[in-house]
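Reviewing the structure listed below.
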Amino acid sequence: MASALALAKLTKKNTNVFHVLSDEKLPSRQKLTFNLLKNSSGNDSIYTGTITEICGESGSGKTQLCMYLSICVQKPIDAGGLNSKVIYIHSEGDFPIKRFLQMVNAFKINNPKLQNMKFSDNLILKKVFNVNQLIYVLQKGLPDLLKEPNSPKVLIIDSVAALLRSEYDSWNERLSLLHQLANEIWKLANIFGMAVFCVNQVSGSNKSNQIKGLDIPSLGLLWSNILTTRLKVSRKPSESTGPTTRALELIFSSYHPHVCNNFLISENGVELL
């Protein structure tokens, strides 16, 4: 009961600052074209000043999508990008730099006009080992960096849930840290105007939920309240020996219609079907 009350108090305390993107605010924001969100409305963009969650089970392709996004944001504005550096904070193992460079090479082949772009030079990598380190980087390290000319417009955190899941047994301690983390991420999106992407995992749902495809993202209501958009990545059953078909579904968004598109992850990177 006490834990539920603590959650209610924290949620109520921050209701006035949690972000809801209105149509009136969209024109003042820059947009990143993300072809996996292609839909009949013609809006396939993700905007700066928003927080997007990419959730899914282990092995669904979340990190692959994040690397793909870290390439897309660097494209010139007239090519659908943000002409921006990207900060990529990772928490599990080493950053897969060989795979990133493989995706960059394939991207350049498909986009000859971007042959001279140095994508790896505009990728700012930071490794964190626990939530306190992540909060420190967001609170102390990034604001100074964002005050510089041509500062990064995009932040990717891969992954938030892994840090909270692996280190803290106390529910109250995890809730307090999640509250601090959510506040820092909210400020980076809403005060500094960054497009923030956060990787989340799905919790261990029961079999009936798995059958119905109702896997529940981790981190709970407090976390969900700061999100502008939630995207879910999943693998689709297949008997073929080729690349696994995956789906990217937009679960909710304050500015985007529902969409679910199939895609492949191959040597060439991420390909919309």
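One table, with the values for the structure above:
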{"read-out": "Any chance Y68 is closer than 25 Å to L188 by Cα and loosely packed, with under 15 Cβ neighbours inside 10 Å", "value": "no"}
{"read-out": "Selection count where residues are free of Cβ contacts under 8 Å to residues at least 24 places away in the same chain, outside any loop (DSSP other than H, G, I, E, B) and farther than 18 Å from V128 by Cα, scope segment 59-108", "value": "5"}
{"read-out": "Residue match in segment 90-108 (condition: over 18 Å from N268 (Cα atoms) and surrounded by 22 or more Cβ atoms within 10 Å (Cβ to Cβ))", "value": "no"}
{"read-out": "Whichever residue in segment 172-212 is hydrophobic (A, V, I, L, M, F, W, C) and assigned to a strand (DSSP E or B) and, among such residues, is modelled with the lowest pLDDT", "value": "V202"}
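The values are calculated or read from the model by the stated rules, or taken from the named source; none is laboratory data. Bear in mind the structure is a predicted one, so any value in this text is a computation, not a measurement. All Cβ positions, even for glycine, are placed from backbone atoms using ideal geometry, and neighbour counts span all protein chains on display.
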